[in-house]
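Some notes on the structure that comes next.
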Amino acid sequence: MLDIDLPAPAAAVRTVLANRGIVPALALLNDRTPYRFTAIYKLNGEVMHAAHAFDRTAEYRTWLKVVPLGKSFCQYAMEHGEFVTSHASEDQRLTHRPYAGFVESYYGQVLKRECGTPYGTFIHFDLEPRSIPPEEIDFLRGVIPTFLDYLD
């Protein structure tokens with residue numbers, strides 16, 4: 001997808017963010033996973049807005065642009081700092097199934113401003129069951145805060 005040959009993946013993300021912007025950096029992170037979508041959702045009251053999104057198939061759906069926080073997986077990431085489900089329809093932790101029949105797998109991490117207030121979430125998600133390796137989660141924990149320097 002992106003033709004980048006840098007020795008360190010975190011340096012690659014920082015370089016793409018600085019030189020090409022947020023969506024190309026999301027594409028780079030998406031390329032490291034099997035997820036179809038990678039996005040940054042901004043919290044606005046009780047609603048999450050897709051501030052920046054990458055869809056591997058370039059068919060980003062309008063139903064994904066504005067999502068009520070209480071009906072989203074982002075609510076769990078906001079509450080716990082991070083949330084992952086590989087197969088939502090079979091996940092016993094979920095008392096209700098946000099976007100049942102649409103979103104089946106999700107990895108989300110809360111984005112907090114320097115003052116500690118939440119900006120929103122960074123997420124990978126898909127309509128199919130997907131999983132994310134623990135080492136990728138560790139990588140994301142280190143690199144995702146970098147995006148805050150580029151968000152309004």
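The values are calculated or read from the model by the stated rules, or taken from the named source; none is laboratory data. Please read these numbers as outputs of a predicted model, since none were measured by experiment. A quick note on method: Cβ atoms are made from the backbone with ideal geometry, for glycine too, and the neighbour counts reach across all protein chains shown. In case anyone asks, the SASA skips ligands and DNA or RNA and just uses the protein heavy atoms, side chains included. Shrake-Rupley method; radii C 1.70, N 1.55, O 1.52, S 1.80 Å.
General remarks:
- Among the residues of the stretch 46-66, those that are assigned to a strand (DSSP E or B) and either out of contact with any helix residue (DSSP H, G or I) (no Cβ under 9 Å at 6 or more places or on another chain) or modelled with pLDDT under 90 (or both) comprise HIS49, VAL66.
- Extreme residue, modelled with the highest pLDDT, among residues of the stretch 92-113 that are under 20 Å from HIS52 (Cα atoms) and open to solvent by 80 Å² or more (accessible area, probe 1.4 Å): LYS112
- In the stretch 17-33, the condition of being hydrophobic (A, V, I, L, M, F, W, C) and in a strand (DSSP E or B) is met by no residue.
- Any hit, the stretch 77-90, residues being surrounded by 15 or more Cβ atoms within 10 Å (Cβ to Cβ), part of a strand (DSSP E or B), among the aliphatic types (A, V, I, L, M) and at pLDDT below 95: no
- Selection within the stretch 102-126: residues that are out of contact with any helix residue (DSSP H, G or I) (no Cβ under 6 Å at 6 or more places or on another chain) and acidic (Asp, Glu). The member of this set that is nearest to TYR76 (Cα to Cα) is ASP126.
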